[in-house]
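Just below is one structure, and these are the notes that go with it.
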Amino acid sequence: MSDSGHSQPNMYVPGRNRRRRWMDQGPPGNLNLSEPGREREPILRDRDQDRWDGNEDGCGYTIQKTPIILSKPANERAKSAPAPAPATIEKPIVLMKAREDSKPASTAEGTALPPTAAMAKVEKEGQRPTQPVYQIQNRGMGSAASSAGNVDPVVGQAKLMPPQKMKHCIKLVDEYMNWCDSAIEYLLDQTDVLVVGVLGLQGTGKSTIMSLLSANSPEDDQRSFVFRMQSQEVRERAGNQTSGIDFFISQERIIFLDTQPILSPAILDHLINNDRKLPPEYNLPHTYVEMQSLQIAAFLFTVCHVVIFVQDWFTDFNLYRFLQTAEMLKPSTPSPSHESSSSSGSDEAMEYYPHMVFLQNKAKREDFCPLNLKQMHTVIDKLMMHSRLRYKGTLSMLDCNIFPGLPYDFLESEVNLFLIPTMDTDTDETMSRAGSGGTPLFSLLPGYKGHPSFHAMISRLRSQITSMSRPQLSHTILTEKNWFHYAARIWDGVKKSSALSEYSRLLG
C-alpha cells in the first residue's frame, strides 16, 4: 500500500482473495458476474427487477414495497390484498411545464402525466409520492425571465426615458365635430390622471386660463401659450379663436381640454355667411350652434373630473339654464356589463357628475368686497340648488388666505367660486407712478388694488385645481389610454343621442 492509499500491482492484500473467492461462488439469486469490473451493477439490476416483479423470495434481503403498483389491474390488486401502504396517491401528479423551458416535454400546461411516467419521475427525484406536486408558472414574469439575459440596451433605455412632452395643443375634436386620434400618442398606461375641461362664452379668457393652469406663466410671451389666444385681428372682427376641442397633457399627467365658445355668435355668423351645409337633422343655423354647445357640455360632464365655467361679468341667468339643460342631456355612465337592465335607483346611485368650478375672470376691485362676495355665493347656490353637479365643497377662497380677516363660517353656503383679477403688469403701473412726481419712496411702492396680484391668484387657483379629488369616471379604473377610448365612445354616443335629437326637434 503506497502513501497515497492505492494498492500496488503484484502485492498481497489480505481479504482480496477471499472477496474474489466469494464472487466466484456467486451470491444467492443466481446472478451473473461474468464481467470482472461491474460487481454491483448486476446486483442492483436484479434487485430492482425482483422488486418491480413482486418476487421477494429471489433476493436475500427485505425491501419496502412501493405504495401502489400501477402496472397491475384493479381486480388483481384486490385479489392479492397487499399490506396497507404507508401512503397512497389519490390523484395523479400534475407537472406544469414552464414557459421559458425550450426543451420538448411530453405534457402540456395543465395536463397530467401518465401514471407510470409520473411514478418514474418521483422515483428518479427521490420524492415520496404522498401528495400531488405542482409547478406554478407566473404568466407575467415568464417572458421577462426568458429575455432577462438578452435585453436590448436601447429598448431598456427607452423604457426609462420620461414621457414625450407636448409643446402645443392638438385637436381632440375638430371644427366639424369629428373625433381625432392623434392624442393617443402622448398617453401612458397609468391611472393617476386628472382631466380638466372648460366652458364659457366667447372672449371670456378660457384659453388664457387653461394655458396658465397647464404649462405657462404670466411672464411668458402670449404667443408661446399652449392654447392659442385671440389675436388682434380675430378680436377686431369679433371672431372666435378655438374651434372644436383642443387637447393638452402636462408633465404632471393632467389633461386639459379647451373648448370652443358656447352659444357663439361668431360661429353662427360663419355658418350663415359661408353657406355651410347643415346636417340633415337640423333645420336652422342657431339650432345647430346651440346643439353643438350642448354636445360639448354634456361630453365634458361625462369625461372630466373638473369643469371650469368661466365668466367675465356676474351674471347671466341663461348660462345656468344652459348648464342644467346639459346636465339633463348628459349620457349616463355605462354599466360594467354595458346593459341597461338594472333598476333606475341603482343607475342614479352610480351616475357620475364632475366638480363644477365657477371662475369669475377679469374681476374688479368691488368684486373682492366681502359683502359682494357673500351675495355672489348666495346667488349661485340658489340657482344651482337642484343640480347634481358637485358645485360646492371642493374649492374655497377662504382657505387660500385671500381674506385673512374673515372667519371660516362667514359664507353660509360656500360654492366653488374663484375670482381672478384683470391680467396686467405691475411694472407698467410702477413706472407710471414714478413719472408722475411726488416722493421717490412712495412712488416706487405698488398702488392699492384691494386684492392680491394676478400672479398670486393664478398660483392659488392652480394649487386648488390640481389638489381636487379624482373620482372614478366609470365603473372600472381607467388608465390614460383607456380614458381616451372611453372618451371616444362617449363622444360618439353624444352625437347619436336620442335625447339630444328629441331636444333639437323641440327647438324647431
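How much FRET efficiency would the formula 1/(1 + (r/R0)^6) give for Arg235 and Lys481, where r is the Cβ-Cβ distance and R0 is 30 Å, rounded to 0.05?
Working: r = 38 Å, r/R0 = 1.26.
My answer for the efficiency is 0.20.
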key: Accessible-area order (highest first, 1.4 angstrom probe) of the listed residues Trp179, Trp483   = Trp179, Trp483
remark   = Distance in nm between Cys180 and Arg321 label points, each 7 Å along Cα→Cβ, equals 3.4 nm
query = Which whole-Hz couplings ³J(HN,Hα) result when phi for each residue of segment 183-197 is put into the Karplus expression 6.51 cos²θ - 1.76 cosθ + 1.60, θ = phi - 60°, listed in order with x for Gly and Pro?
reply = 6, 5, 5, 9, 9, 10, 9, 9, 9, 7, 9, 10, 10, 10, x
request  = Evaluate E = 1/(1 + (r/R0)^6) for Phe403 and Asn283, where r is the Cβ-Cβ distance and R0 equals 51 Å; express this FRET efficiency to the nearest 0.05.
outcome  = 0.50
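Work out the FRET efficiency for Glu502 and Ser453 from their Cβ-Cβ distance, taking R0 = 51 Å, and round it to the nearest 0.05.
Details: r = 49 Å, r/R0 = 0.96.
For R0 = 51 Å, the calculated efficiency reads 0.55.
The values are calculated or read from the model by the stated rules, or taken from the named source; none is laboratory data. Keep in mind that this is a model prediction, so the values were computed, not measured. Cβ coordinates were reconstructed from backbone atoms using ideal geometry, including for glycine residues, and neighbour counts include every protein chain displayed. SASA here: full protein model, heavy atoms, side chains in, ligands and nucleic acids out. Shrake-Rupley method; radii C 1.70, N 1.55, O 1.52, S 1.80 Å.
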